[in-house]
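Structure record follows, encoded as structure tokens.
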Amino acid sequence: MACGWVKLPGSLMFQVDPNFTELSKDVIDWFDKITETNEQRVTVLETESHLISALEDSLFNPLEETPEVLTKISLDSCPFPVKLPDKFKARHIKGSEDLKKRVAVHRAAFQSLRVTEESYFNVMNAYPYDSSLDWVIESPNGELVAFCLIWFDEVNKVGLLEPVGTDPGFWRMGLASSVCKLALNALSEKGAKTAIVVCTSPDTYEFYKSIGFEQFAQTKSFHRLKNTNNN
């Protein structure tokens, strides 16, 4: 009926079934008790009016921030046509035998060492990871240069693209678009009806829009100072 996810020191994301709106205050109170930072921040969707009302009643004020944009695409048009550059190949990863290369392309795409073979091995063993929805593009020399991972919610027939990336040495070749379309085709074959992406920047939104994704909501952020709370 309700859930909350706190990222320390003081950020909350939460959801509450609209049929149980009274639980919104319980989640906010719980958040208040487990955080020690003076400023508290909460992010919800602009469409979740019952959560916004609860935040305003608890003296939270809107934050002027660039929102994250939620987009979706119907899979009725699958399979999407894809044409790769000469001698490039696309496939889903084979499992642990691709682990080293899969981590390497992720680190190259995001210019970050945060993802390791150990951490990605944990991802591969987490529910509902499915290697047949972890798509990559392979260059002529055998290295992985682009990727798209989709998480499939079988109950609601929805797939979430996260993450997607391309090695900067292979930008402007259409690889990101191609690997997304191939992963979406595979998702459709599993019975999914819709795919969604959370866009964290205007450039990201424009990219997914070019594939066919359309906006359906965006985030709205709030904050308050703990010393102004009515505890």
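The values are calculated or read from the model by the stated rules, or taken from the named source; none is laboratory data. If you're wondering where the values come from, they're calculated on a predicted model, not measured in any experiment. Neighbour counts run over all protein chains shown; Cβ positions are idealised from the backbone, glycine included. Areas reflect the complete protein model, heavy atoms only, side chains present, ligands, DNA and RNA absent. Shrake-Rupley method; radii C 1.70, N 1.55, O 1.52, S 1.80 Å.
Data for the structure
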| item | result |
| --- | --- |
| Accessible surface of region 1-76, 1.4 Å probe, proportion on carbon and sulfur as whole % | 51 percent |
| Angle in degrees between helix 99-110 and the longest Cα principal axis of the chain, rounded to the nearest 10 | 60 degrees |
| Largest to smallest accessible area among 148, 78, 3 [probe 1.4 Å] | 3, 78, 148 |
| Förster radius 45 Å - calculated FRET efficiency between residue 116 and residue 49, Cβ distance, rounded to 0.05 | 0.60 |
| For the chain, average projected area of the Cα convex hull in nm² | 14.1 nm² |
| Degrees separating the helix 175-189 axis from the principal Cα axis of the chain, which is the longest one | 80 degrees |
| Estimated FRET transfer efficiency when R0 is 45 angstrom, pair residue 216-residue 37 (beta carbons, to 0.05) | 0.90 |
| Accessible heavy-atom area order of 214, 48, highest first, probe of 1.4 Å | 214, 48 |
| Degrees separating the helix 23-34 axis from the principal Cα axis of the chain, which is the longest one | 90 degrees |
| Protein accessible area in region 80-152, 1.4 Å probe - carbon and sulfur % | 53 percent |
| Relative packing of peptides 109-116, 20-27 - highest average C-beta neighbours within 10 Å first | 20-27, 109-116 |
| Accessible surface of residue 135 - all protein chains present, 1.4 Å probe, nearest 10 Å² | 40 Å² |
| As computed over region 1-113, the Cα convex hull volume per residue (Å³) | 227 Å³ |
| Sites residue 157 and residue 8 - FRET efficiency at Förster radius 25 Å, r taken between beta-carbons, to 0.05 | 0.15 |
| Cross-link reach list, lysines versus residue 25, counting only Cα pairs under 20 Å and skipping chain neighbours closer than eight places | 7, 33, 220, 226 |
| Extreme residue, positive dipole direction of the chain, given options 225, 88, 35 (C-beta unit charges) | 88 |
| Per residue value of the accessible surface for the chain (all protein chains in place, 1.4 Å probe), Å² | 57 Å² |
| Most mobile listed residue (196, 93, 34) in the chain, GNM with C-alpha springs under 10 Å | 34 |
| Cross-link partners of residue 83 among lysines (Cα-Cα below 29 Å; sequence separation of 8 or more within a chain) | 72, 94, 100, 101, 157, 181, 190, 193, 209 |
